[in-house]
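Engineer: Quick one: this structure, given as structure tokens, is what I'll be asking you about.
Here, each number is a calculation from the coordinates, and none is a lab measurement. Just so you know, these numbers come straight off a predicted model, no measurement behind them. As a convention, Cβ positions derive from the backbone with ideal geometry for all residues, glycine included, and neighbour counts pool all protein chains shown.
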Amino acid sequence: MSLFEGATVKNRLLTGILLSFAIAASACAVRRSHDYIFGVTGVVTNEDGTPIRDADVTLELNGPVYSGISPVTTERLQTNNTGGFVFMHSSHERGVKYTLTVHKVGFESQTVSGSAPPDGHHTIRLKKASSL
């Protein structure tokens, strides 16, 4: 092995070691991601507080929210026997903005807004639709 070949091997080893340190340092500098529970819950009632069953509730999201690993932008469900509804997902951000729209035949639709986490809980009172 000549003097130049030895220098090339040393340079390659030194370059490899420095590259390894650079990769390790950049991996340590990567910002850690946190997962948050994105929860929006509520109850839908009529004006006198009686729960409204089977009202359509639509959640529209303006931010990164996931069901498992699938992104969620809009989700629909119906209220249960007690007028309740629950949307539970995960997010990498706090304060994701959302809107809820509630519709039930015979009542005026209502839309409310919020952000979560922390969890958003809503009591939504629907007014009877005016008859013509």
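Engineer: Order of 52-60, 88-96, 38-46, 123-131 by packing, highest average Cβ count within 10 Å first?
Structural biologist: 38-46, 52-60, 88-96, 123-131
Engineer: Note the full-extension length gain between HIS103 and GLU75 as 0.36 nm times their separation in residues minus their Cα-Cα distance, in nm to one decimal.
Structural biologist: 8.7 nm
Engineer: If you don't mind, there's one more thing I want to ask. By how many nm would the segment from TYR66 to LYS127 lengthen if fully extended, with 0.36 nm per residue of separation less the alpha-carbon distance?
Structural biologist: 18.7 nm
Engineer: While we're looking at this one, here's another question. Pull up all non-local amide H partners of GLY42: gap of 5 or more, or a different chain, and H-to-H distance under 5 Å with H placed in the peptide plane.
Structural biologist: So GLY42 has HN proximity to PHE85, HIS122.
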